[in-house]
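Written below as structure tokens is the structure these notes are about.
The values are calculated or read from the model by the stated rules, or taken from the named source; none is laboratory data. Everything numeric in this text was worked out from a predicted model, so none of it was measured. Glycine gets a Cβ as well: all are built from the backbone with ideal geometry, and neighbour counts include every protein chain shown. Just so you know, the surface numbers come from the protein's heavy atoms only, side chains and all, with ligands and any DNA or RNA stripped out. Shrake-Rupley method; radii C 1.70, N 1.55, O 1.52, S 1.80 Å.
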Amino acid sequence: MLKCYTAIMLFSALVPEAESRQSKQDSTIFKALPLAYFTPETRIAAEGFAFYSFYAKESKRKSNLRMFVTYTQNKQYLLILPWQVYTSGDQYFLNGSIDYRKFPEYYYGLGNNTKETSRALYTFKALTFKSKSYKRLKKDTYIGLALQGQWLKPKFPEMEPLFEDVLVGNGREGYSYMGFGPAVMWDRRDHILSPSSGSFIEFSPLIGLGKSNHSAINFGLLSLDIRHYLALSDNITWANQFLTQLSFGEVPFRTLPTLGGPFLHRGYYQGRFRDNHSAIVQSEYRHHVIGRFGFVVFGSAGRVYNTLKEKLYKNIHFAAGGGLRVRISKKDRTNVRLDYSFTSDSRGFYIYFAEAF
């Protein structure tokens, strides 16, 4: 699907600053920016965005608190509160988000071979909570507890055969669940939101318990995220990511692994491909040019699959694109990104805060 965003961003003092991105340590900043954009799904949308970044006492890693409040011409609204916080001395790392939204969404069905022309629109209200609380064991190794919960109330159109695979047991009349499990992280990134060097590995198995229309639902989710950032020079980074997600049991339909959107497989509509399992590889060349400005070139390959017996190297979906980067402040290297990506049957234009991975 063509996702056309037209944005009006009111930055304060977007004047190029001639210094290397690593010539000076990031400092504490606070920014509040008004945003406006247009999409076929929302028509005109207005968004308020606030961002606070800081260093805790004796911490070598920067913490971030953010807030997004959005209202659209179609009377849709979103409230998103993400955080990544390192405590004093980097002894604990708290990573999570609270997300409430009322929003229409296209549904393409389940499977790796769904068609762009075969989709249907439904609406939903959802409150989602995600949290990973880590305790440092060694310098770069953390272990902790992952929590994830969601309450969702969908409204499907009548007599639409595409929704036949959304059953009462997996959320046709709504659902709620809470998931929990251990989490292990190895993190040597030099920056959380805009890494230029280091590596990151996170493994998190989750058990979900809940109900759908008074029936119990029990399921499992497993995620393995591996990233590496190679600094080719002071201004050039080659970033790579491999992510696989596996699910088992009675998984709510909107909790199933998906591909698409501003983070995974840019160029495809978010949720364009959805099934029990997913695997994706992404690679991105990042070049800081001058002052607050830079550019990227990226590509990705991935697919979803129903069973673990399927051959991953067949029927792979590809995407590629490029974009511009603008730093939100001369005191912080976090970027606002403007990305354009294309696939064999769709295009995407994204304006988003921080890197995709």
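Which ³J(HN,Hα) values in Hz, rounded to whole numbers, follow from the phi angles of region 200-206 under the Karplus curve 6.51 cos²θ - 1.76 cosθ + 1.60, where θ = phi - 60° and Gly and Pro get x?
These are the phi-based 3J(HN,Hα) values: 8, 9, 9, 10, 8, x, 10 Hz.
With contacts defined as alpha carbon pairs under 8 Å and 6 or more residues apart, what's the relative contact order of the chain in percent? It would help to have the intermediate numbers written out before the result.
Numbers: 1013 pairs, mean separation 47.0, N = 357.
Answer for the chain is 13 percent.
For the chain, build the charge dipole from Cβ charges (+1 Lys, Arg; -1 Asp, Glu) around the Cα centre, then report which of SER344, SER233, MET185 sits farthest towards its positive end.
In the chain, that residue is SER233.
Convert each backbone phi in region 162-173 into a coupling constant with the Karplus relation 6.51 cos²θ - 1.76 cosθ + 1.60 (shift: θ = phi - 60°), then list the ³J(HN,Hα) values in order as whole Hz, x for Gly and Pro.
Values per residue, Gly and Pro as x: 5, 8, 5, 8, 9, 9, 4, x, 10, x, 4, 9 Hz.
Write out the chymotrypsin sites (Phe, Trp or Tyr not before Pro) in region 248-319 meeting two conditions: DSSP loop, and at most 11 other Cβ atoms within 10 Å of their Cβ.
On the way: sites: PHE248, PHE253, PHE263, TYR268, TYR269, PHE273, TYR285, PHE293, PHE295, PHE298, TYR305, TYR313, PHE318; in loops: PHE253, PHE263, TYR268, TYR269, TYR313.
Taking region 248-319 and a limit of 11 other Cβ atoms within 10 Å, the loop chymotrypsin sites (Phe, Trp or Tyr not before Pro) found are TYR313.
I'd like the distance separating the alpha-carbon centroids of region 219-263 and region 107-181, in whole Å.
15
Per-residue HN-Hα couplings for region 320-333, Karplus 6.51 cos²θ - 1.76 cosθ + 1.60 at θ = phi - 60°, whole Hz, x for Gly and Pro?
After applying 6.51 cos²θ - 1.76 cosθ + 1.60, I find 8, x, x, x, 9, 10, 10, 6, 6, 7, 5, 9, 8, 8 Hz.
Taking the Cα centre of the chain as origin, sum charge times position over the Cβ atoms of Lys and Arg (+1) and Asp and Glu (-1), and report the length of that vector in debye to the nearest 20.
Details: 46 positive and 29 negative charges, 127 e Å.
So the magnitude is around 620 debye.
Let me check against my output: what whole-number percent is the relative contact order of region 212-357, with C-alpha pairs under 8 Å and at least 6 apart? Working shown, then result.
Details: 351 pairs, mean separation 27.0, N = 146.
For region 212-357, the relative contact order is 18 percent.
Find the relative contact order for region 293-357 and round it to a whole percent, using C-alpha pairs within less than 8 Å whose residues are 6+ positions apart. Mind dumping the intermediate values first?
Working: 109 pairs, mean separation 17.4, N = 65.
That works out to 27 percent.
Report, by chain and number, residues whose modeled amide H sits under 5 Å from the one on GLN91, excluding near sequence neighbours (fewer than 5 apart, same chain).
Here the answer is none, since no amide H 5 or more places off falls under 5 Å of that of GLN91.
Averaged across orientations, what area in nm² does the convex hull of the alpha carbons in region 209-357 project? All intermediate terms of the calculation are to be shown ahead of the outcome.
Working: hull surface 42.5 nm².
The Cα convex hull of region 209-357, projected and averaged over all directions, gives 10.6 nm².
Work through the residues other than TRP186 whose Cβ is under 15 Å from its Cβ and net out their charges, Lys, Arg +1 and Asp, Glu -1.
Result for the neighbourhood of TRP186: +3.
Please report the carbon-and-sulfur percent of the accessible area for the chain; probe 1.4 Å, protein heavy atoms only, DNA, RNA and ligands left out. List each step's numbers first, then the result.
Details: 10320 of 16630 Å².
Carbon and sulfur together cover 62 percent of it.
Anything over 26 Å Cα to Cα? Flag those among LYS115/LYS314; LYS155/LYS311; LYS125/LYS309; LYS75/LYS330; LYS211/LYS309; LYS125/LYS211, in the order listed. Walk me through the numbers on the way to the answer.
Details: LYS115/LYS314 17 Å; LYS155/LYS311 35 Å; LYS125/LYS309 35 Å; LYS75/LYS330 36 Å; LYS211/LYS309 29 Å; LYS125/LYS211 17 Å.
The pairs that break the limit, which is 26 Å between Cα atoms, are LYS155/LYS311; LYS125/LYS309; LYS75/LYS330; LYS211/LYS309.
Place a +1 charge on the Cβ of each Lys and Arg in region 81-227 and a -1 charge on the Cβ of each Asp and Glu, then give the dipole magnitude about the Cα centre in debye, rounded to the nearest 20. Walk me through the numbers on the way to the answer.
Numbers: 18 positive and 14 negative charges, 88 e Å.
Roughly 420 debye, rounded to the nearest 20.
Can you tell me which lysines have their Cα less than 20 Å from the Cα of LYS57? Leave out same-chain residues fewer than eight positions away.
Correct list for LYS57: LYS24, LYS135, LYS138, LYS139, LYS331.
What size of dipole, in debye to the nearest 20, comes out for region 175-330 about its Cα centre when the only charges are +1 on Lys and Arg C-beta atoms and -1 on Asp and Glu C-beta atoms?
Approximately 380 debye in magnitude.
Over the chain, give the accessible area per residue in Å² for a 1.4 Å probe, as an integer. Walk me through the numbers before you get to the answer.
Working: 16630 Å² over 357 residues.
Per residue, the chain has an accessible area of 47 Å².
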